[in-house]
Amino acid sequence: VHQGSDYVMGSRGWDRPGSPLARWIGSCLDTIACRMTFDWNLNDTQCGMKAGTRTALHRVVQGLQFFGTEIPQDFPSTDALFDVECLLVARRLGLRVSVQPVSWKHYRNRSSMNYMPLLKRIGGDFRKVRNAYLQGRYTES
């Protein structure tokens, strides 16, 4: 794991060539909401690259409140909050978290994703995670 970190997350930064506008806006809104709610200075919680020591990853998964027990049918909508919840648990456990820049390029897909139902679900999931955070539920078990 990178330079003594327990948990490493990738960051694509703000420049995401070819990314659809709706996806870029959603990512910006997520970043702002997380910065304001969870008091952190991260600019990309949604990058898929994550790594960690075996012990750290085990502890993080054990501390998950919502997204570690089963994968819902509409998994892509939960993916965004899974990353946020993992970071909250890692921080509460006192793990050394580092950020590594990664190269990213958007490849057009043929998805006909409807963003409105997705945003509604993510908003509800965000409220669940925020409430658990405010209640102090992200502690070592």
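General observations
- Scanning region 102-111 for residues that are open to solvent by 100 Å² or more (accessible area, probe 1.4 Å) and farther than 22 Å from Met9 by Cβ, we see that the one that is modelled with the highest pLDDT is Arg108.
- Number of positions in region 1-30 that are modelled with pLDDT of 85 or more and in contact with a His (Cβ under 8 Å, 6 or more places away or on another chain): 1
- Whichever residue in region 31-56 is within 17 Å of Gln100 (Cβ to Cβ) and at pLDDT 90 or above and, among such residues, is least open to solvent (accessible area, probe 1.4 Å): Ala56
- Some residue of region 89-101 being of a type in the set (A, V, I, L, M, F, W, C), at pLDDT 80 or above and open to solvent by 40 Å² or more (accessible area, probe 1.4 Å): yes
- Screening Thr78 with (1) modelled with pLDDT of 85 or more; (2) surrounded by 16 or more Cβ atoms within 10 Å (Cβ to Cβ); (3) in contact with a Lys or Arg (Cβ under 9 Å, 6 or more places away or on another chain) gives one miss only, at (1).
The values are calculated or read from the model by the stated rules, or taken from the named source; none is laboratory data. Remember, it's a predicted structure, so these values are computed and weren't measured experimentally. Using ideal geometry, Cβ is built from the backbone for each residue, glycine included, and neighbour counts are taken over all protein chains shown. Accessible surface areas use protein heavy atoms only, side chains included; no ligands, DNA or RNA. Shrake-Rupley method; radii C 1.70, N 1.55, O 1.52, S 1.80 Å.
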